[in-house]
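Okay, structure first, notes after.
The values are calculated or read from the model by the stated rules, or taken from the named source; none is laboratory data. Predicted model, so just to flag it, every value in this text is computed and none were measured. Here the Cβ positions follow ideal geometry from the backbone for every residue, glycine too, while neighbour counts run over all protein chains shown. Each accessible area value is taken on the protein alone, full model and side chains, heavy atoms only, with ligands, DNA and RNA left out. Shrake-Rupley method; radii C 1.70, N 1.55, O 1.52, S 1.80 Å.
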Amino acid sequence: VSGPAEFAFEIRPAPWRSGWALVGYAALLAGAATVAYRLRTRMLVARSRELEAKVAAAVAEVEVLTGLIPICSYCKKIRDDQGGWAQLESYLATHSRATFSHGVCPDCKARTLSELEG
């Protein structure tokens, strides 16, 4: 009869709990955080550009004449900032981004034709 048997063994952690696995998890987490940061940054830059475009469009719409503009009841000339009188077209051309093309409305056309015929 012999004495008690001795057996030496070591319990190792499961592979998913090993030191290398923890390092891998940390690397994955850092990579995911980097990707999320870059995606968020791209999204914010795109949103910023979109808002800048909207602001530019809004400013372009606001850049129109506002306020009280004195106009002659008879000849339709407009009093400018220096107190002089200017044709409507020249005043608006210098105070706005408006461009003009000329035509004859149906009422003026009928009146002019009747004056020519009469």
For this session: Could you give me the residue pairs with C-beta distances under 9 Å whose first residue belongs to the stretch 83-112 and is without any contact (Cβ under 8 Å) to a residue 12 or more places away in the chain, whose second residue is β-branched (V, I, T) and not in a helix (DSSP H, G or I) wherever it lies, and which are 6+ apart or on separate chains?
Result: A86/I78; Q87/I78; S90/I78; A93/T99; A98/V64; T112/V104
For this session: Output yes when any residue across the stretch 45-56 is of a type outside the set (D, E, K, R) and under 17 Å from R97 (Cβ atoms), and no when none is.
Result: yes
Exercise. Failed condition for A58, given (1) more than 30 Å from A86 (Cα to Cα); (2) open to solvent by less than 80 Å² (accessible area, probe 1.4 Å), with all others met?
Worked result: (1)
Exercise. Which number in (1) more than 25 Å from the chain's Cα centre (by Cα); (2) open to solvent by 70 Å² or more (accessible area, probe 1.4 Å) marks the one condition that G84 misses?
Worked result: (2)
